[in-house]
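Since every read-out is calculated from the coordinates, none of them should be taken as a lab result. Small disclaimer: the values here were computed from a predicted structure and weren't measured. Reconstructed Cβ throughout: ideal geometry from the backbone, glycine too, with neighbour counts over all protein chains shown.
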Amino acid sequence: MPQKLKIDDFAEPDAASPATRAAQDSVQEAEQAVAAKGRARIDIGKLDLWWVNQRCEPAVRNSFRLENSETPRFGLIQFGMCPGGHTASLFPRTHALNKLDRLAVAGQEPEVKHAWRIALPWPVANHASHGFLLIAGTEKAQILSEVSRGPRNVECLPSQLIAPAGGILTLLLDQAGAALLPPADAQGYGHLERNA
């Protein structure tokens, strides 16, 4: 049975704020999906900083029954990548890239003022047994080539930080997204080693 994250109702200094109501609605929708299907993808979207810092990490810790400095072990994490090279709400040149001692952090969208997202710090994401990166479209071909074959620059290309503990990050690409990578074999498979 997949691990599910349950976040209980909470009180905030301004419990009537739109961010609080949106978060509570998202949690209720996610719990309904879990009850209906036994699993859910929680896309909470934009949240306020207080909620992320005060509620998410304890919820992860309690859900996985972690003690002290234990890190949750996800079996599989799906990643995406934006045309700017960020993934998992880890945005370029933001404080979330350097939060190594947390289980959840607030990732701020640089182009949107006061927009915060829940981010798993990269050491937590990398503790997963396996990961896969789903990338499609011509607008991502150049950045994928830079992330996978260019010089290491994690401050500008946070996707370079993703390296699951199992040692393999599977890339699921369409032809347009893979256009600037080495050609695949006759069955459509390729092998790509990231530059160190």
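Grab the strands (runs of 3 or more DSSP E) fully contained in segment 54-122, keeping just those with 2 or more residues being surrounded by fewer than 19 Cβ atoms within 10 Å (Cβ to Cβ).
On the way: elements: 76-80, 105-108, 116-119.
It comes to 76-80.
Being under 16 Å from Arg55 (Cα atoms) and out of contact with any strand residue (DSSP E or B) (no Cβ under 9 Å at 6 or more places or on another chain) is the filter here, so list the residues in segment 102-125 that pass it. Even if it seems obvious, please write down each step before you answer.
Let us first name the residues in segment 102-125 that are under 16 Å from Arg55 (Cα atoms), namely 102-107, 116-121.
Across segment 102-125, the qualifying residues are Arg102, Leu103.
Remark: pairs (first residue in segment 145-163, farther than 18 Å from Leu134 by Cβ; second residue loosely packed, with under 15 Cβ neighbours inside 10 Å and small (Gly, Ala, Ser); Cβ separation under 8 Å; 6+ apart in sequence or on different chains) = Arg152/Ala196.
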